[in-house]
1. Please work out which one of (1) modelled with pLDDT under 90; (2) farther than 30 Å from Gln291 by Cβ is the condition Pro32 fails and give its number.
2. From (1) at pLDDT below 90; (2) surrounded by 16 or more Cβ atoms within 10 Å (Cβ to Cβ); (3) of a type in the set (Gly, Ala, Ser), pick out the condition that doesn't hold for Ser267.
3. Sort out which residues of the stretch 202-229 are among the aromatic types (Phe, Trp, Tyr) and touching a helix residue (DSSP H, G or I) at 6+ places or on another chain (Cβ under 6 Å), and write them in order of number.
4. Among all residue pairs at least 6 apart or on different chains, which show Cβ distances below 6 Å where the first residue, located in the stretch 154-170, is over 18 Å from Leu234 (Cα atoms) and the second is assigned to a helix (DSSP H, G or I) and of a type in the set (A, V, I, L, M, F, W, C)?
5. Report the residue count in the stretch 144-166 for those that are among the β-branched types (Val, Ile, Thr) and surrounded by fewer than 21 Cβ atoms within 10 Å (Cβ to Cβ).
6. Hey, Tyr47 hits all of (1) of a type in the set (Phe, Trp, Tyr); (2) in contact with a strand residue (DSSP E or B) (Cβ under 8 Å, 6 or more places away or on another chain); (3) at pLDDT 95 or above but one; which does it fall short on?
7. State all residues of the stretch 52-105 that are of a type in the set (Phe, Trp, Tyr), modelled with pLDDT of 85 or more and farther than 24 Å from Ile174 by Cβ; if no residue qualifies, say none.
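The values are calculated or read from the model by the stated rules, or taken from the named source; none is laboratory data. This structure is a prediction, so every number in the text was calculated from the model and none was measured. For neighbour counting, all protein chains shown are included, and Cβ atoms are generated from backbone atoms with ideal geometry for every residue, glycine included.
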Amino acid sequence: MRRNRIHEQADKLSPQKNKPNRLQLYSFEMVPEYLQSNPYIRTGYRYGLNVKQCLLSLLYLNNESVNIWSHLIGTGLFIYFLFRDIYAGHALPFISSTSDYYFVLFYTLSVIICMLCSTLFHLFGCISSQAFADFLKLDLCGIGLGILGCYLCGLHLSFECYRSWRIRYETLIICIMFIAVIYYVHGVRRYMTRNIHTALFLTISLLGFLPGFHWYYLHGGWSNQFVQHFFPKLFVLYLILSVGTVAYLTKFPERFFPGYFDFIFASHQIWHISSLGAFIWWYQNGVELLQYRLSNPCHTLQN
């Protein structure tokens, strides 16, 4: 009951007194505090809509349109990968009876869920402060699952020849992600804390360099042609992510041109496109690594 009263009070604090119009977009000062996460995005806000009106907002441009459609399209793209590569087996033949199949399947499903949770948050978060908090929790769970899928799939495929190390790293990342998601879902108060939970997920993502460099060492370093081909791909992944992360945390470019990037090319939109690009990059190279392992089975002593 106390939680509901807090959310009701937050909704009433908005200076906008008239009933929201589903086609009307509001300025930064006209929306409730929980929607005021970026003061450099001056217009294009929706709020106080119901579910039907939120769905209708897919058809007109607002400051969440690119955020919604980028990850909605990403959801569709990975559903396509799921049917093309895993169900039909066009890119991943002869693995349906191996553990590789289930790890690639888990990664694909985790990305689909991550993209879908993000879409739902940005689409329906404007309904009320309580809906905002609930969908934010869903989004955080999706982010955690997406990162977990990246780790588990990457560890399973890259440490195929060093299974004891693979199990250690997989256990560690599962524990870390479980604790992180529980902590932030429990601690969600308002969207103003997003830079904090972004920093945590970013730190967890950067931990990928630890098994990456260990993998580099176990395979004999740069003299190994296998390492020369696949190791740089890890840095490309982090380069893609860094573009979106820097924009997200610094609010570039709208910080320097308030009001000019309200609808297109804002920092959060750059982050969305960057994260989708990173997921695709990791997936395509995971498929390539899996195909390499199928034609070059391990002959290395297990550690």
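1. (1)
2. Just one mismatch for Ser267, condition (1).
3. Trp215, Tyr216 - these are the residues of the stretch 202-229 that are among the aromatic types (Phe, Trp, Tyr) and touching a helix residue (DSSP H, G or I) at 6+ places or on another chain (Cβ under 6 Å).
4. Tyr162/Leu218
5. Number of matching residues: 0.
6. Every listed condition holds for Tyr47 apart from (3).
7. First pass over the stretch 52-105, keeping only residues of a type in the set (Phe, Trp, Tyr): 60, 69, 78, 80-81, 83, 87, 94, 101-103.
Among the residues that remain, those that are also modelled with pLDDT of 85 or more are: 60, 69, 78, 80-81, 83, 102-103.
Result: Tyr60, Trp69, Tyr80, Phe83.
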